[in-house]
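Where a number appears in this text, it was derived from the coordinates with a stated rule and is not lab data. Nothing here was measured: the structure is a model prediction, and the numbers come from that model. Don't worry about glycine lacking a Cβ; one is built from the backbone with ideal geometry, like all the others, and counts go over all protein chains shown.
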Amino acid sequence: MIASVIRGSLKLSCLMEEISCTHCHTLIPPGYYNTPNLISCPSCHIPIRIDVFPAFYRGFRPGKEGETLIDDQASCFYHPQKRAVIPCDHCGRFLCALCDVELGGKHLCPGCLEAGKKKGRIVNLDRHRVLYDGVALRLALLPMITVWFTIITAPIALYLSIRHWNSPMGVIRRTKARFILAIVISGLQVLAWATWIVYLVSRRLIPYCMAL
Amino acid sequence: MITFSLSRCSLYLGDDHVLAVDSNGFSEDYKHFYFSDIQAIITRRTGRGATWSIVLALMIACSLMGALFLEKEPVRIFFWVLSGAFFVFLLANAFRGPTCICHIMTAVQEDQLPSLNRLRVARKVIGTLRHAIERVQGRLNPEEVHTSQTEVIANPMPSLREMRQPRGREHQIRHYDGTMHMMTFALMLTDGVVTGIDLLHHTVTMTAVSSLLTAVYCICIVAALVKQYESDIPGTVRRITWASIGFVCVSYFLSYILVVLTFPTWMNRRPDSMITQWDMYRAMFDVSPQDSLPVMGVYAFAATCSLVLGALGLVRVKKHRDDSASAPRCGQNSGSEARG
């Protein structure tokens with residue numbers, strides 16, 4: 001009994017990560033985990049609460065190995081000597097346990113995963129996105145403080161709004177309101193500049209024409 | 001949370017993961033934490049909210065001083081509006097409750113969740129997350145918890161010094177007996193007494209001594225702050241030291257306002273007396289707290305704060321030194337190793 005407990009604790013200590021105070025980096029003993037309220041760190045005495053979940057005790061799960069192919073079984077597309085266990089949810093290729101990547105409840109092959117990441121098809125793999133609607137709106141609004149810069153920025157804002165109208169926006173759902181607002185504001189600015197230029201030209205041209 | 005980099009951090013709950021979004025208006029950065037991978041969430045209370053409250057209270061006090069003592073009506077109205085705005089911020093800060101920092105831990109990383117910066121919100125979100133995580137990982141198996149507790153019994157809790165395992169060179173905790181802190185607080189206490197006497201019975205010599213003491217303990221506070229970095233000095237002493245530097249900044253600011261506002265009056269009173277810089281200092285030292293209410297207020301504030309902070313700090317440092325002295329020898333040894 002004692003031996004099994006010791007073996008268990010040894011196994012546990014091998015699997016378990018360590019949790020340390022985020023302020024003084026002192027290791028926090030397990031007695032401090034999952035308390036309902038904040039408790040003082042044993043070292044720096046700063047109130048701290050540690051919520052631990054079962055994954056903490058389970059540690060790393062070893063990766064699966066593909067099983068070797070026997071007789072006329074279906075083989076993996078990437079490893080012909082391994083037995084296929086599942087088809088790719090995207091391209092339908094047969095995959096062994098090693099090639100099967102589970103992401104967001106879907107089973108994907110490494111090829112589809114790579115392609116999805118590059119083309120931005122798999123939302124869960126996106127780590128960064130440019131918010132063109134935000135850029136266009138700021139480009140339309142901010143230079144209005146100086147007025148004169150809008151002669152350059154208004155066409156750029158208009159171009160960005162039209163060019164990226166269908167580009168993927170943020171992962172969190174956003175409306176096209178910013179694009180519409182940017183188009184309206186920058187459109188008005190372009191119109192104002194055009195009117196101003198026409199007015200200036202006509203002021204110069206009309207006396208010249210009259211003289212002729 | 002709006003930081004100085006003007007980025008906004010938010011947390012979204014997905015079907016199988018929690019998404020942390022860091023947005024600056026032009027682009028967004030995402031971090032996905034899958035429920036099956038989350039091992040722990042660590043919440044630590046911080047004093048940022050309290051610090052903001054103190055700063056805002058001081059700003060209100062300064063604005064009120066401007067609103068009450070200045071003569072021009074538009075300036076007074078401006079200061080009233082300013083103090084009102086600061087008061088609204090103070091109320092908002094108090095209403096949002098104490099601040100905290102949350103970290104999420106998986107098998108391969110430990111990331112901060114900047115959006116969970118208030119304790120009340122953090123508790124609520126962790127409650128929601130716990131349900132979602134337990135739906136995927138299952139409830140914490142009592143056997144696992146039991147095994148963990150057995151491990152604690154089998155391997156008794158290590159001493160504090162043993163638990164302080166540095167993650168890197170930069171996080172090495174060293175032993176510090178608090179000599180510099182003791183010196184600083186002693187000087188502050190002395191200055192408090194001197195300023196108090198000066199308040200009741202003003203002399204130029206007393207003001208000069210007090211100014212000299214202030215200058216010396218300012219340097220000592222900075223040295224103490226350097227010394228306490230990554231040392232085993234208790235949190236209370238750290239907070240008192242930070243409060244001391246805050247007090248110094250505020251008292252300098254108040255003195256500056258006082259000089260700017262009242263110096264022209266002194267100059268009008270004695271137009272021929274100020275020829276050199278030294279004469280100007282003499283004129284400033286000559287100003288008695290009994291002559292003007294704002295000067296008396298600043299003197300009283302400085303004396304009270306110096307006395308309170310000095311006394312509190314001295315008591316706490318003394319306690320720390322006593323604790324260090326009575327600690328087991330092995331603790332002292334490891335302390336020496338850390339110093340070396």
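Some points to look at:
- The modelled label-to-label distance for the pair A:SER167/B:ASP15, using points 7 Å beyond Cα in the direction of Cβ, is 2.9 nm.
- Two-site FRET efficiency, B:PHE89 against A:CYS91, from Cβ-Cβ distance with R₀ of 60 Å, rounded to 0.05: 0.60
- A Cβ-based charge dipole, computed about the Cα centre of segment A:32-126 with Lys and Arg at +1 and Asp and Glu at -1, lands at about 300 debye.
- Contact order normalised by residue count of segment B:1-144, Cα under 8 Å, 6+ apart, percent: 24
- Cα-based helix-to-principal-axis angle, A:150-163 vs chain A, degrees rounded to 10: 50
- Look at the Cα gyration tensor of segment B:168-258: its axes a ≥ b ≥ c give a/c of at least 1.5 with a/b over b/c, and that counts as prolate.
- Rounded to the nearest 20 debye, the dipole size of segment A:85-206 about its Cα centre is 360 debye, using +1 on the Cβ of Lys and Arg and -1 on the Cβ of Asp and Glu.
- Within 10 Å of the Cβ of each residue in B:24-31, the mean number of Cβ atoms contributed by other protein chains is 6.
- Peptide A:41-49, shielding by other chains (average Cβ, 10 Å cutoff): 6
- Comparing A:ASN37, A:ASN124, A:ASN166 in a Gaussian network model of chain A where C-alpha atoms under 10 Å apart are linked, the largest mean-square fluctuation is found at A:ASN37.
- Least to most buried among B:THR195, A:THR22, B:THR205 (fewest other Cβ within 10 Å first): B:THR205, A:THR22, B:THR195
- Dipole size of chain A about its Cα centre, with +1 on Lys/Arg Cβ and -1 on Asp/Glu Cβ: approximately 840 debye, rounded to the nearest 20.
- Using a cutoff of 8 angstrom between alpha carbon atoms and counting only pairs six or more residues apart, the relative contact order for segment A:26-136 works out to 13 percent.
- Proximal lysines relative to A:LYS117, as straight alpha-carbon distance under 21 Å, when same-chain residues fewer than 8 apart are discounted: A:LYS106, B:LYS31
- Helix A:132-141 axis, angle to chain A major axis (alpha carbon atoms, nearest 10°): 40
- Fully extended contour minus Cα-Cα distance, from B:VAL315 to B:SER53, at 0.36 nm per residue: 91.7 nm
- Rounded, prolate or oblate (a/c below 1.5 giving rounded, otherwise prolate when a/b exceeds b/c) for chain A by Cα gyration tensor: oblate
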